[in-house]
Structures are given as structure tokens and as C-alpha cells.
Amino acid sequence: MELNPATLLELFWHSLSMWWLIIPAVMIGILMGAIPGFAAHNTIIMLLPLTLVFDVDLALTFMVALYCASHLGGGIPAILLNIPGTGGAAATTLDGYPMSRAGLAAKALALSFVASVVGGLITAGITLFLLPFLSQVGFHIRSVEMVVIMLFGLALIAAIAAQDMLKGLIAGAFGLMLGAMGADHIYATPRGTFGILELFDGVPLVPALIGLFAISEALVMLERRTIAKTNAAQVTPTWPQSLRNIFHAFKHGWTIAWSSVLGLVIGVLPGAGASIAAFVAYQQARIFSKTPEKFGTGHEPAIVAPEAANNGVTTGTLVPLLAIGIPGGSTAAVMMVVLQYHGVPFGPRLFITEPLLAYGVIMSMFVAYLFMLVTMFPMARYLSRITVVATYYMAPLIVAFTLVGAFVPRGFMTDIAIAVAFGVIGYVARKTGYHVAAILIGVILGPLIERSFLLTMRIHGNDLMALFSSPIGNVLWGLLALTLILPPILHRRAHRRGKAEADDVY
Amino acid sequence: MSLNDDRPKKPVGADLIIPVAASLYALYYVASVWDFPPEAQRSGIFLAAMLLLFSGLFFVRVGLMAVRGQARWDFSAVLGPTERRLHRAGFLGLIFVYLFVVEWGGFTLTTFAFLFAGSWLAGLRPPGKAALFAAVAALGGWLFFVVVLGTRFPVGPFERLVAMVPTPWS
């Protein structure tokens, strides 16, 4: 499919025709994004029965609209309560909350909304035009490179996203091991299934993701009485004030554009999610600012930069998923599970067999952001209350509606039990600092890495050295080694320097 | 006294649960493919070796910390704050009860019972409020997912009863 103006227009109208789905998805996304600690992927998991019933294009549109909107919603509690709704909004608290305390909460919210929407529109537009080139990447990747890319992706998640790299690697490898459960690819003999018949086809992904994300989240949530503090600042500006604030925010167009592109680039890297992008954008905005001393005191560019960047990440995380079939983060992993359920292929095959769907994902994002332009006016007035949600409502709701969602794909009661088992694993992992997303991505990649590994072995006559036979693969092996070796060295060096400075003081 | 002795010891007991469980699973996995032909064993053994290597490194790290007196065996991290710990355990127990009941109780009735008991255990008072919340959510879920979307949820007495009543959607 050639991406010409006529095709773009067709894609645009197709996405626009799904307004009846995008608007509720945007509303739900903003509301849920504004609940601290309740990420977009959890909302998507709660609504899995819905996305599994829909046609695949509707399901995908619903998920991406919700995902984008949740990033916008995450800025609301960051500004009003000093609690980021999503990880990507953590940097927004630095200047958003001081503005709120100075009585400028409505202005800060308008800055956050405009930066999110414009940043999202810019990056969705750029990705749409780059996608025809990115989709070609998959053609140059063979089974040898796929093995290394998958290991490299997991290593990046461990090195960047996990607080402790070794724990991140254990989580990823554990996920791979669980993902390799089930009948083997050659003799169809079951492996590591504990004799459970329902596991012969491998770990069912929907119950696994429900357990790892939703059930474990609900169990952790119960440790608090409410999801946010109850002293929310109540902000209800007049309509003309809201309009003025929104137009004023467009003055920061350059910062928004640059930061969103930065977010897009960072978003493409597996594991480097919205929180990293937001802090990098905040830092670069300060470096290039004429008034860097005002950062941290309630400065306007310090709100737009992280907000634009974390919305730039939303399209970036989908690029590796669409181009080579490797999820770059939690939400992309959840989307991959839903798409796999619908039998949608990934990588170059997606662009050949389902081009409308492949390009339509990004166009749906673009359209979702357009709808957000409209919805943010009323949202800016009334959203400050929703962050106060008692956990005694949320936790049972999450468990009840997601557990039954585990039953939907195959109709096996055992799948509900599998979801609970993964819930317990996820809970222990969360409480002890193991990265839950790394486990899930491992579970997803387990069968894929095994297939690529076996294919490589078969092609090269069971010679293990074949894994080092490709130039691209060898470069990736080198990068993988650097990813594993550099962080501990840098950490040790920083530790020594800190110790030396402390000794100097004494 | 040296600076090291003053440093608070790091609780490590709970941190070992995942690597120990993962290593045990890796060993079980290897045992399950032990009699397979070599080409069918290779990928599993490759993954198991990788997992055992990372877990081994972690055990060495914890061991070194223990030898230096920097580690403390403590599993409380996994149990969360002591306040309302019993209630949370009860909530987890309720999830296991849900597993066994939903098969014959069906979606609506089991969801109502779970939400009522779960929200009460989680701190929602008075019980009437919990019952109202559970009823609204369970019926709302049934209407949206089962009636409107036709989602295939477990069927129980409530769903069977409604199916017997002639309705515009049936």
C-alpha cells in the first residue's frame, strides 16, 4: 500500500468514522490516567472482554485512544496534588505543583493539555510518514538477528526500566522460561506444564497479563485507603479563562515540538518509557532555556516539555511492535496480546496483509488527539475531583472484572486459575523490585525466541556459532554486551566518586 | 566502630523468592525435557542456563552481602504494611474462593458476592453500602458485557433464569 494523499485521506476518514468509540475511550483514558498508580495497560486489561469482542480495527482504535488519553490524564494529579497519575507525569510535578500552589492550577492544566495534544499530533504525523520506511526494517532481519534483537530488547528493559539490572534480567529470563512452556516445536511433547492439559499450547497470554498487571496491582492497591490524598485542589475556571489559558499555551510551540520528537525517539527504545523521556525533555528544556534558574519554581516551559515528551512516547512504543513485532513497553505488550488473539501478524507481514490496520493504528492516534483538542475544554474545568477514589471500590472491581476476562478467550475455567497464579507472581515481583513488564514481555517473546532459535539451528546444521554469523547480529551482540557491562561499571565509578567526595568533606 | 557497621542492613529474604522460584522452575523444565532428542532440548536448556546464570549471580551477590554483615533475612517486604494485613490476606482468600464458585455461580451472582465481600473486607462500611455497590457493579457488568456485547462469561443460575424470560435482546 502506497502512502499517498488519497490513502492518507481514506485512513483519516476511516479513523474519524470511529468517533463513537474514540470519544468514550478518550474520556475513560483521561479519567483513569488521572488516578495515580493506575496505568493505561490496567484500564485496557479491565476492558479486555470489550476489546476481544470487537473487530480488530475497533479494538486497536479503542486501545490506542485510551492509551494516548491516559498520558494526558496523568498530568492532572501531578499538577493538582503533586502525585503523578502515570510515571510519565513525574517530571510535571516539579513545576506543575508549584504553579498550582501559586493559584495558577488552571493555567498549568491548560499548558499540560495543549503540550500533550500538540505533542501527540506532531509525533503521530511524523510516525505516519516514517512508517513505510520502518516497515522495511523487518525484511532485513532473519532468525539469527531476531534472537539477538529479542535478547537485546529484554536487556534494555532490564538496564533502563528496572531499578536493579540483575533483578530485571532475572525477571526477563523467568518470563522467557515461562513462555517456553508447552508442547515443543519439533515433537509436540509437553515441557514444564506440571501436567496441566490447558498449558499444552503454552502459557495463555490473556490470563498471564491479567494476573501480572491487574490482579497484582489490586493486591498492592489494598495497602492504601485511597488512591490519592484527599486534599485535592479544586479548580473550576470560567470558560473564557479556560480558553485564554489554552491559547496562551500555544506560545510554547517550539518547546512542545522539539520535546515531542525527543519523546518519539526515546519511545522507540524498548524499556525507555514515558518517565525517562519526560525527565530527559525537562532537562534539555532547562539547558536551552534563557531562564534555567526558574525551573522548579513553577515555570511554564518546564510543564510543556515533559508533557509533550511523554505523549511523544505513545507513538514511539508502537514502532518496534509494528515494524518487527517486539513490544517496547507494557501497553504495547498488552496490545500485542489482544492482536495475537485476533490473529493479526506483526512485522513486515502486517504491512503486506493488513496495511490499513498497520497505518490505521497511527492514524487512530492522530484522530484521538484531535478529539482530545475538543474534549480538553470541558475536562480542564471538572477533572480535579476524580483522583480521590477509595481502594475499597477499585481493588474488588479490578479483580472481579479482569478475572472473568481471563475466561473469555478460550472458555477454560483453568485460565482463571492461571491468572490468579500469575497475579501472585506479579504481586511478589512488584513488592520485591522485579520488573513485571519484563516478565510479561519475556512470556510473550518466549515462544518467538524459541522459534527463531530453532530455525537458526536448523538452517545452520545445529551449529551454535551461527548465532554470531550475521554482521547486524554481531553489532547487536556488541550493543547487548555493552548494555550489560556498562551500567555496573558506571554505577561503581559514580559510587567511588561519591565516596571520595564524602571523604574530602570529612 | 566502622562506618560499615552503622549502615542499616538490607532486608534480602523476600528478594530471594522470585529467583528461587524461577530457578526451581528452570530445573523442573530441564528435567521435563531430559529424555527428549537433543534438537528438542536445546532451546529450553539455553533459556534455563541463562536464567540459572542470572539467578546464580544474584545468590552470589546476596551471599557476599550476608558474609559482610550487610544483609538481614526479612520477608516482611512481601507482606506489606502490618496495618490491615489480615484483611488483605482475607481478600486474597476471597479470590481463591471466587475461582471455585464462579463455575457454577455464574458471572453475575459470583461477581455480586465477590464485590460485596471484597469491598467490605477492604473497608467499605456500612454493609448496605457495600451491597448496593456490588449490586450496581454486577448488574452493570452483566448488562454491558453479557447483554450488550454478548461476551461469553461463565453462566450460572441468574443468567439461566434471565434466559428463560422472553426479552427484546434474547
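Rule-based calculations on the coordinates, nothing more; no lab input. Quick caveat: nothing in here was measured; it's all calculated off a predicted structure. Neighbour counts run over all protein chains shown; Cβ positions are idealised from the backbone, glycine included.
Listed values, structure above:
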| read-out | value |
| --- | --- |
| Amide proton proximity set for A:ARG191, modelled H, under 5 Å, gap of 5+ | A:GLY182, A:ALA183, A:ASP184 |
| Total formal charge among the other residues, if their Cβ is under 10 angstrom from that of B:GLN41, Lys/Arg +1 and Asp/Glu -1 | -1 |
| The stretch B:83-164: radius of gyration and largest Cα-Cα distance (Dmax), Å | 13.5, 47 |
| C-alpha long axis of helix A:301-324 to longest principal axis of chain A, angle in ° | 20 degrees |
| Inter-part distance where the stretch A:134-188 and the stretch B:1-80 are each reduced to a Cα centre, Å | 20 Å |
| Inter-probe distance in nm under a simple model that places probes 7 Å from Cα toward Cβ, at A:GLN284 and B:ILE45 | 4.8 nm |
| Contour excess over end-to-end distance, with Cα ends at A:TRP20 and A:LEU479 and 0.36 nm allotted per residue | 160.7 nm |
| Ratio Rg/Rh, restricted to the stretch A:44-180 and using Cα atoms, in which Rh is the Kirkwood radius | 1.06 |
| Hits among lysines - C-alpha to C-alpha of A:LYS294 under 27 Å, sequence gap 8 or more where chains match | A:LYS107, A:LYS251 |
| Label point distance in nm, A:LEU197-A:LEU490, each placed 7 Å from Cα along Cα→Cβ | 5.2 nm |
| B:ALA66/A:LEU58 FRET efficiency (R0 56 Å; Cβ-Cβ; nearest 0.05) | 0.55 |
| Sorted by Cβ density within 10 Å, fewest first, the residues A:LYS107, A:LYS290 | A:LYS290, A:LYS107 |
| Compactness of the protein assembly as shown as Cα Rg over 2.2 N^0.38 Å, two decimals | 0.96 |
| For peptides A:59-68, A:320-329, sequence by mean Cβ density within 10 Å, most packed first | A:59-68, A:320-329 |
| Neighbour-count order for A:HIS71, A:HIS491, fewest beta carbons within 10 angstrom listed first | A:HIS491, A:HIS71 |
| Against the rule of thumb 2.2 N^0.38 Å, how large the Cα Rg of chain B comes out | 1.62 |
| Segment A:VAL137-A:TRP13, extension gain: residue separation times 0.36 nm, minus the distance between their alpha carbons | 41.8 nm |
| Chain A: calculated mean residue ellipticity at 222 nm from DSSP helix runs of at least 4, using -39500 (n - 2.57) | -22500 deg cm²/dmol |
| In degrees, nearest ten, helix A:239-249 long axis to first principal axis of chain A (Cα) | 60 degrees |
| The stretch A:449-505, Rg to Rh (Cα coordinates; Rh as Kirkwood inverse mean 1/r) | 1.37 |
| Cα-Cα pairs of the stretch B:3-78 separated by more than 22 Å (percent) | 39 percent |
| Label-to-label distance, nm, for residues given as A:THR297 and A:ARG497 (7 Å Cα→Cβ offset) | 2.8 nm |
| Least to most buried among A:PHE247, A:PHE412, A:PHE174, A:PHE453 (fewest other Cβ within 10 Å first) | A:PHE247, A:PHE412, A:PHE453, A:PHE174 |
| Angle in degrees between helix A:274-287 and the longest Cα principal axis of chain A, rounded to the nearest 10 | 50 degrees |
